[in-house]
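The values are calculated or read from the model by the stated rules, or taken from the named source; none is laboratory data. Keep in mind it's a predicted model, so treat the numbers as computed, not measured. With ideal geometry, Cβ positions are generated from the backbone for all residues, glycine too; neighbour counts draw on all protein chains shown.
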């Protein structure tokens, strides 16, 4: 059996006295698509933010690509580079154009020349279908367009896994589809993906594994068919009943 | 479908677009404004008529002009006199003061947001101290402390004297006459430390105005902390605080007159000098005020231009 790309062992995290992640175990293989769902406040976002150490955990081990992920590791920046992340609020750099947003990290982190960085940025902007917006500023774009730029910007770093933290939750309903379409294509291209989302139809379409969380615990992990048709945990059943 | 009791459907024709009504003008004068002006002028005129005799000042500008430019009695050449020398010192104080206050503000502002408690305490102690002491008191304490304790250690004038003549003349373009370098340096440090505290607060506000997500996104892309600061956070912070920074820089130029209290020979100090020797209080200080106004006004125009270019239109 191959070693998993991401291996989370016995992860525990507290915010002050609040125990927000409790004994999380999770393995993700290269190419696998995992969707995490659960009620708000259940620790989904915190979990994926621990993977690239935007949040620091107190106990447990996280391995990525065979390397230990820890806030004190000198190679933490390489790990973050190899884990693309897409945020609920897009977080495009407001003072730069779409193109500059995609070019800057390539130049500063990958050390590419500006010419090469521009070429690759344009390729990816075409892939997310907004090359014509390249010279606009984020505030001039719709939420859906911004989120697609954010995906392109992450892909510019040639990540080994993409983490999505509720990428469609801040979008107007008519823009959700364009973002999900891009994500579906990304899934089909073989990218390893870990998504926190409430889009259950999308989850069912792309996920190899469904994970549900509640109160910091990972309560169920199953393939989509079993997860949606025969959920074992009562918490998963309650959650699904509420949102489906 | 019904909206407000009216049936709206595909068969209804669209209401054609109409031109907007003309905007209500707030810039034009109206009769009421004219009335106010007339009343104001009438009152002023009446007051002046009444006080005739009491208010009779003979303006004499001619005795002030020579203090700008004098003719050297030996060579017959033109040379800057006290007021122009003072103006140059004020400009140098303003320029270097802005740079140094910004430097102090950047470092201290960064420290005020730092995770390390010691840094936060040092920076907030600095800001609290400066903010809660009257400027005049601050200037006296600071300058006499520095000039007695610190300047002898630095021995700036002796070091400058040891330099080649070309270097000295270059330095005098930047910092003014070399024989007054101790004096100038004293005023500059005082002004920078004083204004730096206010810039610190502006920097802190600027850093806090940039959403956390910006730095998080940069971090998730693998950028270094330094890159995140320089490329992502600071440019946006600067854009947000440019108006307050303009105000603070103008304040700094005006505050530079405070160091005249401790014999730094800038414009206000020279003006007092000239006032004493000419006895023309109004002429000298009206002129001084006009000069300050133009320096500050030009600076605010420069910043207004910068704001338009890098402002929040995006």
| task | Tell me which residues, restricted to the range A:139-156, are facing chain B (nearest Cβ under 10 Å), closer than 20 Å to residue B:218 by Cβ and surrounded by fewer than 22 Cβ atoms within 10 Å (Cβ to Cβ). | result | A:139
| Matching residues, the range B:88-102, being in contact (Cβ under 8 Å) with a residue 40 or more places away in the chain and closer than 16 Å to residue B:267 by Cβ | B:88, B:89, B:90, B:91, B:92, B:93, B:94, B:96, B:97
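Here's the yes/no breakdown for (1) under 27 Å from residue A:170 (Cβ atoms); (2) surrounded by 19 or more Cβ atoms within 10 Å (Cβ to Cβ); (3) facing chain B (nearest Cβ under 8 Å):
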{"site": "A:60", "(1), (2), (3)": "no, no, no"}
{"site": "A:74", "(1), (2), (3)": "no, no, no"}
{"site": "A:80", "(1), (2), (3)": "yes, yes, yes"}
{"site": "A:83", "(1), (2), (3)": "yes, yes, yes"}
{"site": "A:86", "(1), (2), (3)": "yes, yes, no"}
{"site": "A:96", "(1), (2), (3)": "yes, yes, no"}
{"site": "A:99", "(1), (2), (3)": "yes, yes, no"}
{"site": "A:103", "(1), (2), (3)": "yes, yes, no"}
| Count of residues meeting criterion [touching a residue at least 24 places away in the same chain (Cβ under 8 Å) and either assigned to a helix (DSSP H, G or I) or surrounded by fewer than 19 Cβ atoms within 10 Å (Cβ to Cβ) (or both)] in the range A:105-133 | 12
| request: Check the range A:213-227 and report whether any residue there is crowded, with 17+ Cβ neighbours inside 10 Å, under 17 Å from the mean Cα position of the chain (by Cα) and in contact (Cβ under 8 Å) with a residue 40 or more places away in the chain. | output: yes
| field | Positions within the range B:198-209 being surrounded by fewer than 20 Cβ atoms within 10 Å (Cβ to Cβ) and within 14 Å of another protein chain (Cβ to nearest Cβ), in sequence order | value | B:209
| query | Looking at residue A:208, is it surrounded by fewer than 17 Cβ atoms within 10 Å (Cβ to Cβ), within 14 Å of chain B (Cβ to nearest Cβ) and modelled with pLDDT under 95? | reply | no
| query | Which of the residues spanning the range B:217-235 are facing chain A (nearest Cβ under 7 Å), part of a helix (DSSP H, G or I) and crowded, with 22+ Cβ neighbours inside 10 Å? | reply | B:217, B:220, B:232
| request: For the range A:58-66, indicate whether the set of residues that are farther than 17 Å from residue A:154 by Cβ and assigned to a helix (DSSP H, G or I) is non-empty. | output: no
| message | Yes or no: the range A:31-45 includes at least one residue that is within 14 Å of another protein chain (Cβ to nearest Cβ), in contact with a strand residue (DSSP E or B) (Cβ under 9 Å, 6 or more places away or on another chain) and touching a residue at least 40 places away in the same chain (Cβ under 8 Å). | response | yes
